[in-house]
Amino acid sequence: MGNNIKDIEEIKKYLPHRYPFLLVDRVLAVTPGKSLTAIKNVTANEPFFNGHFPKMAVMPGVLIVEAMAQASGMLIYETIGFTNGELYFLAAIDNVRFKRLVIPGDQIKLDIELVKTRLNVWKFTGVASVEGVVACTAEFTNIREQEK
């Protein structure tokens, strides 16, 4: 895998998300047109832990999938170049499986693979793991915002 480490300040130049919804903390490696590896540090002060769940803090599965989708957006920009203001949206999620709880203190490794692209549609597979144990797998599709 190619090496193209990006810290949070660089990620914020690409992704429009901001706290509390920016779910990619660092890009570890990128091979444009193929794959990207990123991480999400899960801290005890994440706002969603107040209600999910008060007696046993668990990261919502939809946010794990969202983290993978955000990482795939980084892969798109690394593949085609970044045009300021161009947005990609999550259009479909398929075959999601949750296999491990994600709790405060975990670091999620997000491994994204580009399956195919056609016109403005990008299909990916993603694996989210913690300490080498798979937490979630999914297939998902991103689509570029159409001009209005």
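Exactly one of these conditions fails for residue 95: (1) on the phi < 0 side of the Ramachandran plot; (2) in contact (Cβ under 8 Å) with a residue 24 or more places away in the chain. Give me its number.
Status for residue 95: all satisfied but (1).
Say whether the condition of being surrounded by 15 or more Cβ atoms within 10 Å (Cβ to Cβ), of a type in the set (Phe, Trp, Tyr), under 23 Å from residue 142 (Cβ atoms) and in contact (Cβ under 8 Å) with a residue 60 or more places away in the chain is met by at least one residue in region 98-106.
Checked region 98-106: no residue is surrounded by 15 or more Cβ atoms within 10 Å (Cβ to Cβ), of a type in the set (Phe, Trp, Tyr), under 23 Å from residue 142 (Cβ atoms) and in contact (Cβ under 8 Å) with a residue 60 or more places away in the chain.
Kindly check whether there is at least one residue in region 28-48 that is modelled with pLDDT of 95 or more, more than 24 Å from residue 134 (Cβ to Cβ) and either touching a His at 6+ places or on another chain (Cβ under 8 Å) or in a loop (DSSP other than H, G, I, E, B) (or both).
Checking region 28-48: at least one residue is modelled with pLDDT of 95 or more, more than 24 Å from residue 134 (Cβ to Cβ) and either touching a His at 6+ places or on another chain (Cβ under 8 Å) or in a loop (DSSP other than H, G, I, E, B) (or both).
Condition first: among the small types (Gly, Ala, Ser), under 12 Å from residue 40 (Cα atoms) and in a helix (DSSP H, G or I). Can you find one or more residues in region 62-78 that meet it?
yes
Would you pick out the residues in region 113-126 that are without any contact (Cβ under 8 Å) to a residue 40 or more places away in the chain and not polar (S, T, N, Q)?
Applying the first criterion (without any contact (Cβ under 8 Å) to a residue 40 or more places away in the chain) to region 113-126 yields 115-121, 123, 125.
115, 116, 118, 119, 121, 123 - these are the residues of region 113-126 that are without any contact (Cβ under 8 Å) to a residue 40 or more places away in the chain and not polar (S, T, N, Q).
The values are calculated or read from the model by the stated rules, or taken from the named source; none is laboratory data. Values in this document were obtained by computation on a predicted structure and should not be read as measured data. Positions of Cβ are generated from backbone atoms using ideal geometry, with glycine treated the same way; all protein chains shown enter the neighbour counts.
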